1. Suppose the filter is open to solvent by 50 Å² or more (accessible area, probe 1.4 Å), touching a Lys or Arg at 6+ places or on another chain (Cβ under 6 Å), at pLDDT below 80 and in a helix (DSSP H, G or I); does Phe14 pass it?
2. For residues that are assigned to a loop (DSSP other than H, G, I, E, B), surrounded by fewer than 16 Cβ atoms within 10 Å (Cβ to Cβ) and either under 26 Å from the mean Cα position of the chain (by Cα) or aromatic (Phe, Trp, Tyr) (or both), tally how many sit in the range 88-137.
3. Given the structure, is Gly74 open to solvent by less than 90 Å² (accessible area, probe 1.4 Å), under 24 Å from Trp127 (Cα atoms), among the small types (Gly, Ala, Ser) and free of Cβ contacts under 8 Å to residues at least 40 places away in the same chain?
4. I'm trying to understand the selection: among the residues of the range 35-53, which are in contact with a helix residue (DSSP H, G or I) (Cβ under 9 Å, 6 or more places away or on another chain) and either among the hydrophobic types (A, V, I, L, M, F, W, C) or not in a helix (DSSP H, G or I) (or both)?
5. Checking Glu80 against (1) more than 25 Å from the chain's Cα centre (by Cα); (2) modelled with pLDDT of 85 or more; (3) farther than 27 Å from Ala124 by Cβ, which test does it fail?
6. Taking the options Glu151, Glu169, Glu182, name whichever one is under 21 Å from Lys52 (Cα atoms) and either at pLDDT below 65 or open to solvent by 100 Å² or more (accessible area, probe 1.4 Å) (or both).
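The values are calculated or read from the model by the stated rules, or taken from the named source; none is laboratory data. Bear in mind that the values here come from a model prediction, so they are computed numbers and not experimental data. We place every Cβ from the backbone using ideal geometry, glycine too, and count neighbours over all the protein chains shown. Protein only, heavy atoms only, side chains kept; ligands, DNA and RNA dropped before computing areas. Shrake-Rupley method; radii C 1.70, N 1.55, O 1.52, S 1.80 Å.
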Amino acid sequence: WREVAEIGVFLIPFFLEGEKAKAIPLSGIAGIAVGGILGGIIYIANKRLENKTWLAVFMAVLLLFLATGLFTGGLHEFEEVWGMTQNVYNYRDAAGGFFNEKKLPMALVKPFGYSAKRSVLQVASFWSFLAFGCALHFWKWLSTKKIREAEEMAEAEKAAGVEGLDHQETTPIEEKNSGTDEDANSGADEENP
């Protein structure tokens, strides 16, 4: 609810100006389409894959690069306010502006940390945050290693238990006395005078 309200508040100036509001429905439709397609692909992969390890790795890498890109972009905004550091490279205008992150198709990868013009702060923050995120993922993988091993052992024991039941020899059930308990007790009394 809060995010939807924020979007509404941020869109008020566009609605008041009139002409800028024309681009809002188109970008909304594009966002819904991209989100729906990616969500559908993830849902289908989650249902059909038996080993979901690669799906989990893909999602972790995707979200790590998204977080890295957002962190780097945020630091770049601070850099624009407080003063830019020296540029490491700038190829925005190369190949007729194809590599410019403000134009399609490169605008699609900008949230994941892409920039055609990098400053020293951007390069340092990108690689530092990416290394920090990789270290956190590795730590999480190591900390859950015992849990995964215990689950594998439990599955192996369960499979061995089912296998053992299949190969277990069955002994014929001894025939019971067809009489009542009283008959069985009276017979035992006769044997012991």
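1. Numbers: open to solvent by 50 Å² or more (accessible area, probe 1.4 Å): yes; touching a Lys or Arg at 6+ places or on another chain (Cβ under 6 Å): yes; at pLDDT below 80: yes; in a helix (DSSP H, G or I): yes.
So Phe14 fits the description; yes.
2. Count: 4.
3. Numbers: open to solvent by less than 90 Å² (accessible area, probe 1.4 Å): yes; under 24 Å from Trp127 (Cα atoms): yes; among the small types (Gly, Ala, Ser): yes; free of Cβ contacts under 8 Å to residues at least 40 places away in the same chain: yes.
It is true that Gly74 is open to solvent by less than 90 Å² (accessible area, probe 1.4 Å), under 24 Å from Trp127 (Cα atoms), among the small types (Gly, Ala, Ser) and free of Cβ contacts under 8 Å to residues at least 40 places away in the same chain.
4. First, pick out the residues of the range 35-53 that are in contact with a helix residue (DSSP H, G or I) (Cβ under 9 Å, 6 or more places away or on another chain): 42, 45-46, 49, 52.
Correct list: Ile42, Ala45, Leu49, Lys52.
5. Exception for Glu80: condition (3).
6. On the way: Glu169 fails: under 21 Å from Lys52 (Cα atoms); Glu182 fails: under 21 Å from Lys52 (Cα atoms).
That would be Glu151, the only listed residue that is under 21 Å from Lys52 (Cα atoms) and either at pLDDT below 65 or open to solvent by 100 Å² or more (accessible area, probe 1.4 Å) (or both).
Yes/no per residue for (1) in contact (Cβ under 8 Å) with a residue 60 or more places away in the chain; (2) β-branched (Val, Ile, Thr); (3) in contact with a Lys or Arg (Cβ under 8 Å, 6 or more places away or on another chain):
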position: Leu62; (1), (2), (3): no, no, no
position: Val81; (1), (2), (3): no, yes, no
position: Asn87; (1), (2), (3): no, no, yes
position: Ala95; (1), (2), (3): no, no, no
position: Val109; (1), (2), (3): no, yes, no
position: Ser115; (1), (2), (3): no, no, no
position: Phe129; (1), (2), (3): yes, no, no
position: Ile147; (1), (2), (3): no, yes, no
position: Glu151; (1), (2), (3): no, no, no
